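Read through the structure below, which is laid out as structure tokens, and then see the notes.
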Amino acid sequence: MFEQKATDIDWRHGRTFSLVYPTGRADVDDILVQANLAYLYENALNLRRFPSLAAMQDDVTGMVASLVNAPASAGAGFTSGGTESIFMSVLVSRERAKKERGITNGNIVFPKSAHPAFAKAAFYTGLEVRPTALTADFTADVSAVTDAIDDNTVLVMGSAYGNPHGVMDPIEALSEAAMKRGVPFHSDACIGAFVLPFMERLGLQVPPFDFRLPGVTQMSCDVHKYGYATKGASVVVYRDAEWMAHQAFTYDIWPSGHYRTPSVAGARAASPIAAAWAVMNYLGENQYTEIMRGLLDTTSRMREGITSIPGLQILGDPIGPLLSFTSTDDDIFAICDVMDDRGWGLNRIADPPGLHMMISPIHASFVDEFVEDLAFAAANHGPSRGLGASYN
Ligand SMILES: Cc1ncc(COP(=O)(O)O)c(C=O)c1O
């Protein structure tokens, strides 16, 4: 069975740098397999039929809300991933703006480094997008964001931290700018929610990024990235639980009577809820913190290895286990071609041309092999095959 899998990238040997976030631990894999198997057939469409799923969903959303210091008034919803969490947040903002401010032709303001999910949500919800310039260190330019906000702005966002370069946007200044105009602010912690809190617990300096900032009104926090759940698990958190009513869909017209869903899906996979619950309870704060200690060490080793190769240079000042780098001497994509041929699935980024890696715990065992191959690639490449398509 599944002979076709032989053609897939070998993530179990650290060859992917996003898409999969393996811990490399058999005990964690076992927990995830058991949880997925236990809820293979169930349907989270109707939680009254499956109260165990309702309880696990409440647990997961509550744990994530407390991880990002949400206040007692907060509400949180389980979604299928970062994109759906962001979609819900944008929809809620559009609906609130309509109801509370009478806005019918809204816009959302985001730095260009925002994940495409914001533009995608705007596309689905009929909002205008206002992407703004970045500073030289690839973070959001606060004055460009401030200038782009107007009376029709329904949402402003910043990334904690961003996907392309792994740098923190100035969330405090951005959220204050939004608050001054009475506009909601989304801190996108799809990557950071299970990284930054554990860096803080290790005593590292982390700029404020969560509900401790009064201007942060909503956040996206993925469990299926650095929370190490299998795919299909994210949480959207709102400062005020009442806003969640705007993301629910209710319908009474069809002959079957009342129909209600809290988010996009109708029939909904149950196993992601179980997997998120199981892995979060299994690891707990202490193990997440210890995993982060190792991950930061792996990141430093990767960083040292990359910068020891002549011409290779890290882009910006990445805060966590995400590095993007370029070459001052060569076409970086030509180097990537050689890495591709050797089975490494580095992500290519466009602006500036670079290579992008989201480091996972599993990479601890592959740093030396990776750096050796990268040094070889830097010294022995041909003409470049170019940027190509990237889905990071
Ligand atoms: C910062 C950030 N936001 C949002 C997303 C979207 O998440 P997903 O791919 O789970 O929909 C990603 C995905 O990598 C991301 O890095």
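Six or more apart or on different chains, Cβ atoms under 6 Å: show the pairs whose first residue is in segment 191-203 and within 17 Å of P22 (Cβ to Cβ) and whose second is of a type in the set (S, T, Y) and surrounded by 24 or more Cβ atoms within 10 Å (Cβ to Cβ).
F194/Y226; V195/Y226
Using the structure shown, decide if V216 is touching a Lys or Arg at 6+ places or on another chain (Cβ under 8 Å), aliphatic (A, V, I, L, M) and in the same structural domain as Y39 (by TED's automatic domain parsing).
So V216 fits the description; yes.
Would segment 364-378 turn up any residue that is of a type in the set (S, T, Y), assigned to a loop (DSSP other than H, G, I, E, B) and in contact with a His (Cβ under 9 Å, 6 or more places away or on another chain)?
no
Looking at segment 1-33 only, could you name the residues that are touching a residue at least 60 places away in the same chain (Cβ under 8 Å), of a type outside the set (A, V, I, L, M, F, W, C) and surrounded by 14 or more Cβ atoms within 10 Å (Cβ to Cβ)?
H13, G14, R15, T16, S18, Y21, P22, T23, G24, R25
Spot the failing condition for I273; the list is (1) farther than 21 Å from A136 by Cβ; (2) of a type outside the set (G, A, S); (3) away from the ligand (no atom under 16 Å from the Cβ), and only one is missed.
(3)
Step by step: first the residues of segment 236-269, then only those that are over 20 Å from Y124 (Cα atoms) and among the β-branched types (V, I, T), then the one that is surrounded by the most Cβ atoms within 10 Å (Cβ to Cβ). Which residue is that?
Checked segment 236-269; the qualifying residue surrounded by the most Cβ atoms within 10 Å (Cβ to Cβ) is V237.
Tell me, which strands (runs of 3 or more DSSP E) lie completely within segment 75-147 with 1 or more residues that are more than 14 Å from the ligand (Cβ to nearest atom) and touching a Pro at 6+ places or on another chain (Cβ under 7 Å)?
Correct list: 75-79, 128-132.
Within segment 169-200, how many residues are touching a Ser or Thr at 6+ places or on another chain (Cβ under 7 Å), within 16 Å of the ligand (Cβ to nearest atom) and aliphatic (A, V, I, L, M)?
Of the residues in that region, 2 qualify.
For the list (1) within 16 Å of the ligand (Cβ to nearest atom); (2) surrounded by fewer than 22 Cβ atoms within 10 Å (Cβ to Cβ), I need the number of the one condition that G203 fails.
G203 satisfies all of (1) within 16 Å of the ligand (Cβ to nearest atom); (2) surrounded by fewer than 22 Cβ atoms within 10 Å (Cβ to Cβ) except (1).
For (1) in a helix (DSSP H, G or I); (2) among the aromatic types (F, W, Y); (3) in contact with a helix residue (DSSP H, G or I) (Cβ under 6 Å, 6 or more places away or on another chain); (4) crowded, with 16+ Cβ neighbours inside 10 Å, each residue gets a yes or a no:
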residue: Y288; (1), (2), (3), (4): yes, yes, yes, yes
residue: L296; (1), (2), (3), (4): yes, no, no, yes
residue: S300; (1), (2), (3), (4): yes, no, no, no
residue: I319; (1), (2), (3), (4): no, no, no, yes
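Suppose we keep only residues that are in contact with an Asp or Glu (Cβ under 8 Å, 6 or more places away or on another chain) and without any contact (Cβ under 8 Å) to a residue 12 or more places away in the chain within segment 254-271. Which one would you say is nearest to Q57 (Cα to Cα)?
Taking the candidates together, the pick is Y259.
Is it fair to say L155 is more than 19 Å from the chain's Cα centre (by Cα) and either more than 15 Å from the ligand (Cβ to nearest atom) or assigned to a strand (DSSP E or B) (or both)?
Considered against the rule, which asks whether it is more than 19 Å from the chain's Cα centre (by Cα) and either more than 15 Å from the ligand (Cβ to nearest atom) or assigned to a strand (DSSP E or B) (or both), L155 comes out as no.
The values are calculated or read from the model by the stated rules, or taken from the named source; none is laboratory data. Predicted, not measured: the structure shown is a model, and the values here were computed from it. All Cβ positions, even for glycine, are placed from backbone atoms using ideal geometry, and neighbour counts span all protein chains on display.
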